[in-house]
1. Would you mind computing, in nm to one decimal, how far apart the modelled labels at residue 151 and residue 64 are, each placed 7 Å from Cα along Cα→Cβ?
2. Can you tell me the convex hull volume per residue for the chain, based on C-alpha atoms, in Å³ to the nearest whole number?
3. How far, in degrees from 0 to 90, does helix 315-339 lean away from the longest principal axis of the Cα atoms of the chain, to the nearest 10?
4. Simple spin-label model, 7 Å along Cα-to-Cβ: residue 289 to residue 183 in nm?
5. Anyone know which of 282, 253, 228 comes out most mobile in the 10 Å Cα GNM of the chain?
6. If each residue's Cβ is checked for other Cβ atoms within 10 Å, how do 26, 358, 264 rank with the fewest at the top?
7. If we count other beta carbons within 10 Å of each Cβ, what is the order of 235, 202, 161, fewest first?
8. Quick check on the chain: helices-only [θ] at 222 nm, where DSSP H runs of length 4 and up contribute -39,500 (n - 2.57) each and the sum goes over total residues. Nearest 500, please.
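What follows draws every value from the coordinates through simple rules; no lab data is involved. All values derive from a computational prediction rather than experimental measurement. Every residue, glycine as well, gets a Cβ built from its backbone with ideal geometry; the counts of neighbours run over all protein chains shown.
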Ligand SMILES: Cc1cc2nc3c(=O)[nH]c(=O)nc-3n(C[C@H](O)[C@H](O)[C@H](O)COP(=O)(O)OP(=O)(O)OC[C@H]3O[C@@H](n4cnc5c(N)ncnc54)[C@H](O)[C@@H]3O)c2cc1C
């Protein structure tokens, strides 16, 4: 992998193996075909079971629940390799691992863990995570209209969720709703429950190799056994987002590597005025900026992984890494597209696909600006968010 500062030497042998195996697998089974899926606006569903076999789904969870018990850096490296191919593949795995398996693992009952986690880890079952609503995602508390009404041992859910990754692929949805006291609660909702509908969002120009859906819940009846018993308040879904953002901080660097490598190779072979464009200072400056951002980003991601394993990671540190690494990847993709000239606008090259994908990554899981305000609040003690 692209590694200017020698981060590879800081990885354990197991972590290196995970990275190598993921790259080998994805180069053979995903990279050659991803462009066509992206162009058709389809997620490559045949890869789901293969992801399970490769251990990409819930890899940090203990083996008793179907995970591999690997480190946070190994999880990050899987995200890196997936997003080096396409942000849509990484989004699928992030949702399954961090937004579906993690909440069941952290907030579920023992029975829920044993019922769902092994099937989610193998890819036999797909999940989605419904927090965002049509009125806005940046203020999930203020904008949450979905309600859960208790009737004896049953909860009745009503509401609409928007922009939900994997919505039309999922057999279960983790749905966040306010109860009659206004407390946010989490539910495992089987998607074949009467009153539940998933409507696919069409005409996306970003994350095309990913399924995005609107979820409509009308009098959806869920038994008390499917409520996540330890989830109470907004901090539960927010803690899931911290897990996913950690993976995104790694994943974005995979996309950055892809566009940097492509732009460098193109610049070395493209000749204008008798010399390769790579010999021009303006082009070199762009390539160096990409490399510098990747190098700093990888060091930050590695450090956060170690803090995570030590139980010391703060969510604001994850905000910093998500904000910086995604912005760096998006800027790099735009620069790579520019270096490729006219060729850069076609799907023959990867740059524009990554560039368009990264527009979503910049916005979801907390927009760039929302993370700015989270960090601003942390360092000044003054809240500019609300
Ligand atoms: C392809 C895709 C997949 C997604 N997958 C999921 C998923 O699986 N599950 C899920 O729950 N959600 C998902 N999301 C939703 C995503 O998390 C939201 O889009 C995101 O949180 C932003 O919410 P919004 O789009 O409603 O924008 P808004 O919250 O309406 O924000 C609009 C703009 O206003 C800015 N803004 C908002 N508040 C402030 C403020 N206080 N100060 C300054 N600026 C502000 C924002 O930065 C942004 O630029 C997905 C989104 C996309 C596009």
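1. Between residue 151 and residue 64, the simple spin-label model gives 3.8 nm.
2. Taking only Cα atoms, the chain has a hull volume of 136 Å³ per residue.
3. Tilt relative to the chain: about 40 degrees.
4. Here the modelled spin labels are 5.0 nm apart.
5. So, out of 282, 253, 228, the one fluctuating most is 282.
6. Least to most surrounded, the residues fall as 264, 26, 358.
7. Sorted ascending by nearby Cβ count, the order is 202, 235, 161.
8. When only DSSP H runs of four or more count, the value is -16000 deg cm²/dmol.
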